[in-house]
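Visitor: Here it is, the structure, as structure tokens.
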Amino acid sequence: MTSVLDLAPVVPVVVVDDPSDAVPLARALVSGGLPAIEVTLRTPAALEAIGAIATAVPDAVVGAGTVITPEQVTEAVAAGARFLVSPGWTDVLLDAMRASGVPCLPGVSTTSEVVALLERGVREMKFFPAEAAGGTAYLRSLYGPLPQARFCPTGGIGPATAPDYLALPNVGCVGGSWMLPQDAITARDWARVETLAREAAGLSAGVTCR
């Protein structure tokens with residue numbers, strides 16, 4: 001599979017409360033140009049949602065986010081997750097994610113965590129919580145000594161700041177949920193979600209790395 005960081009400029013971070021919303025929501029995101037979809041394991045509906053998307057939306061690359069235990073790794077992959085994202089990592093969690101057979105983005109927020117992952121042979125990571133952990137200035141500073149690390153920053157990023165992240169040479173994509181406003185989800189306004197997804201998919205157009 002193409003690296004998760006290269007599928008689209010934005011990975012939607014999705015919280016599903018009602019499993020029946022999963023398929024139309026995913027179809028709207030894919031139609032808008034965002035095929036990589038991170039369903040967070042924060043709700044009881046998450047695994048069912050991942051399974052539904054994997055089965056009914058073949059053009060979606062559905063993954064599981066907020067993975068924090070080896071048991072969740074097993075459950076998410078069994079449900080159909082094609083990639084795994086964690087907010088942070090431990091040796092036990094990293095071993096489980098790497099043994100799962102699907103790509104993973106372990107979460108980091110410090111230089112030492114990045115170096116430790118590089119030592120383990122991991123070069124693609126989630127930077128979380130992006131804005132609170134130093135934002136674009138921090139990632140730009142990391143590039144000098146650690147250019148081999150690539151990131152998907154997530155946390156506090158919106159359409160106004162996403163292009164600044166995408167312009168960095170060590171950022172492959174960003175994660176966010178601004179294309180999934182709660183009022184649109186509640187109203188099941190999938191056309192609006194598709195429109196917002198299309199706008200997000202176009203954020204990298206004209207961005208020059210710096």
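Visitor: Would you pick out the residues in the range 35-90 that are small (Gly, Ala, Ser) and not in a helix (DSSP H, G or I)?
Guide: Of everything in the range 35-90, those that are small (Gly, Ala, Ser) and not in a helix (DSSP H, G or I) turn out to be ALA36, ALA45, ALA60, GLY63, ALA64, GLY65, GLY80, ALA81, SER86, GLY88.
Visitor: If I ask for residues that are surrounded by fewer than 22 Cβ atoms within 10 Å (Cβ to Cβ), in contact (Cβ under 8 Å) with a residue 40 or more places away in the chain and not β-branched (Val, Ile, Thr), which ones from the range 11-59 would you list?
Guide: ASP21, PRO24, ARG27, SER31, GLY33
Condition check ((1) in contact with a helix residue (DSSP H, G or I) (Cβ under 8 Å, 6 or more places away or on another chain); (2) assigned to a loop (DSSP other than H, G, I, E, B)) across all residues:
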residue: VAL92; (1), (2): yes, no
residue: LEU118; (1), (2): no, no
residue: LYS126; (1), (2): no, no
residue: ILE157; (1), (2): yes, yes
residue: ALA160; (1), (2): no, yes
residue: THR195; (1), (2): no, no
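Visitor: If you don't mind, there's one more thing I want to ask. Of the residues that sit in the range 1-22 and are closer than 17 Å to ALA76 by Cα and β-branched (Val, Ile, Thr), which one is modelled with the lowest pLDDT?
Guide: Filtering the range 1-22 for residues that are closer than 17 Å to ALA76 by Cα and β-branched (Val, Ile, Thr), the one modelled with the lowest pLDDT comes out as VAL4.
Visitor: Which of (1) more than 18 Å from the chain's Cα centre (by Cα); (2) touching a residue at least 60 places away in the same chain (Cβ under 8 Å) does GLU124 not meet, given it meets every other one?
Guide: So the condition that GLU124 fails would be (1).
Visitor: Look through the range 94-112, keep the residues that are assigned to a helix (DSSP H, G or I) and not polar (S, T, N, Q), and return whichever of them is farthest from GLU131 (Cα to Cα).
Guide: Step by step, filter the range 94-112, then rank; the result is ALA99.
Visitor: Moving on. So, in the range 10-34, exactly how many residues are in a loop (DSSP other than H, G, I, E, B) and touching a strand residue (DSSP E or B) at 6+ places or on another chain (Cβ under 7 Å)?
Guide: Of the residues in that region, 3 qualify.
Visitor: Then there's this: Filter the range 89-109 for residues that are more than 18 Å from the chain's Cα centre (by Cα) and charged (D, E, K, R); which is surrounded by the fewest Cβ atoms within 10 Å (Cβ to Cβ)?
Guide: ASP91
Visitor: So which residues in the range 162-183 are of a type outside the set (A, V, I, L, M, F, W, C), in a loop (DSSP other than H, G, I, E, B) and touching a strand residue (DSSP E or B) at 6+ places or on another chain (Cβ under 7 Å)?
Guide: ASN170, GLY172, SER177
The values are calculated or read from the model by the stated rules, or taken from the named source; none is laboratory data. No experiment lies behind these values; they were computed from the predicted model shown. Every residue, glycine as well, gets a Cβ built from its backbone with ideal geometry; the counts of neighbours run over all protein chains shown.
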